[in-house]
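This report refers to the structure that appears directly beneath it.
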Amino acid sequence: MLAIIGGSGLTQLANLAVTRREVVRTPFGEPSGALTFGRIGCQDVVFLARHGYGHTIPPHSVNYRANLWALAHAAQATGVVSVASVGGIRADLAPRTLAVPHQIIDYTWGRNATFHDNGGTPVVHVDFTEPYDQELRRRLLGAAARAEEMIVDGGVYAATQGPRLETAAEINRLQQDGADMVGMTGMPEASLARELAVPYAAICVVANWAAGRGDSARAISFAALEDALLHAMVRVRRVIEHLCANAA
Ligand code: HPA
């Protein structure tokens, strides 16, 4: 079963034929909402809205551990596709662009970032050299190609704490660090998936130029951001449909 975590702009999957909803409790607390099970094409899918179905949970308060645990254990997900909005830093990552990042830099703090912190058990480290699953990335890129949707292959995702947006100077620093796009939810979601050994990849939707760039030179327009998300999510749904049509 494929899991999809929807972010801002994607609290429901219109193309999901829903079969049931399940409230799951986990040893790590409650997920962002009930798991929504259904089918897209001939693929079984479980969907979870990262910020809750009413979009009420800010990025730093998302219970990433409960979300990943529920998808991996209760739903037996064999892969997780994250849909996440980002600000574009690199020149080719203009608003409305879709991208499948290949690397992450984590600037978040104070989040519950591991399943292995209860003491008394041997310390666990996971390899995270390649934070995204190569095969799932490849499948996403293939689905986009079949859907005839332009998608950028690769990019470094900077995960910031939020919920405020960044200053222009912070974006300059992120760029110097090697970041191409910036979002608030990529971590610890990706590393928790790795701890559970569930393949994880992301489709990022560029909602705005990052602070200080392009038309965000002086301020980020939330109206424009919403508009970009609305348009791009239609394309994300098409990519997901094609991903499910060719389920491996
Ligand atoms: N910064 C951080 N997260 C975001 C942004 C941004 O500019 N746009 C959408 N998510």
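The values are calculated or read from the model by the stated rules, or taken from the named source; none is laboratory data. Fair warning: this is a prediction, and the values are worked out from it, not measured in the lab. Neighbour counts are summed over all protein chains in view; Cβ atoms, including those assigned to glycine, are modelled from backbone coordinates with ideal geometry. Side chains included, ligands, DNA and RNA excluded: accessible areas come from the protein's heavy atoms. Shrake-Rupley method; radii C 1.70, N 1.55, O 1.52, S 1.80 Å.
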The answer for the per residue Cα convex hull volume of segment 138-248, in Å³, is 116
The relative contact order of the chain, taking Cα pairs under 8 Å that sit 6 or more residues apart, comes to a percentage of 27
Which residues qualify? For residue 79, with a placed amide H closer than 5 Å and at least 5 residues away or on another chain, they are 3
Magnitude of the Cβ-charge dipole (Lys and Arg +1, Asp and Glu -1) of the chain about the Cα centre, nearest 20 debye, reported as 460
Between residue 78 and residue 42, the two model label points (7 Å from Cα along the beta-carbon direction) sit apart by a distance in nm of 1.4
With all protein chains present, the chain has a carbon and sulfur share of its accessible area (1.4 Å probe) in percent of 53
Residue-ordered couplings for segment 6-12, obtained by feeding phi - 60° into the Karplus form 6.51 cos²θ - 1.76 cosθ + 1.60 and rounding to whole Hz (Gly and Pro as x), are x, x, 3, x, 9, 8, 9
Rounded to the nearest 5, the percent of DSSP beta bridges in the chain running antiparallel is 35
SASA check, residue 215, accessible area w/ 1.4 Å probe, all protein chains in place, rounded to nearest 10 Å², comes out at 120
The ³J(HN,Hα) series, computed from each phi in segment 17-31 with the Karplus coefficients 6.51, -1.76 and 1.60 at θ = phi - 60°, rounded to the nearest Hz and given as x for glycine or proline, is 7, 6, 9, 6, 10, 9, 7, 10, 9, 10, x, 10, x, 9, x
With the dipole of segment 69-212 defined by +1 on each Lys or Arg Cβ and -1 on each Asp or Glu Cβ, the option from 178, 134, 208 whose Cα lies farthest towards the positive pole is 208
Subtracting the Cα-Cα distance of residue 94 and residue 22 from 0.36 nm times their residue separation yields 22.2 nm
Here P(r) for segment 40-84, Cα-Cα distances in 5 Å bins, as whole percents, is 5, 18, 29, 25, 16, 5, 2
Taking a crude spin-label model, label points 7 Å out from Cα along the C-beta direction, the residue 167 to residue 112 distance in nm is 3.2
Sorting 107, 58, 13 by the position of each Cα along the dipole of segment 5-107 (Lys, Arg +1; Asp, Glu -1; all at Cβ), the one nearest the positive end of that ordering is 13
The simple spin-label model distance between residue 15 and residue 53, using points 7 Å out along Cα→Cβ, in nm, is 2.2
Counting only residues 5 or more apart in sequence or on a different chain, those whose built amide H sits under 5 Å from that of residue 202 are 82
The answer for the chain, accessible area per residue at 1.4 Å probe in Å², is 44
Judged on accessible area alone, 1.4 Å probe, highest first, 129, 185 line up as 129, 185
Computed over the chain, the convex hull of the Cα set has an average projected area, in nm², of 12.5
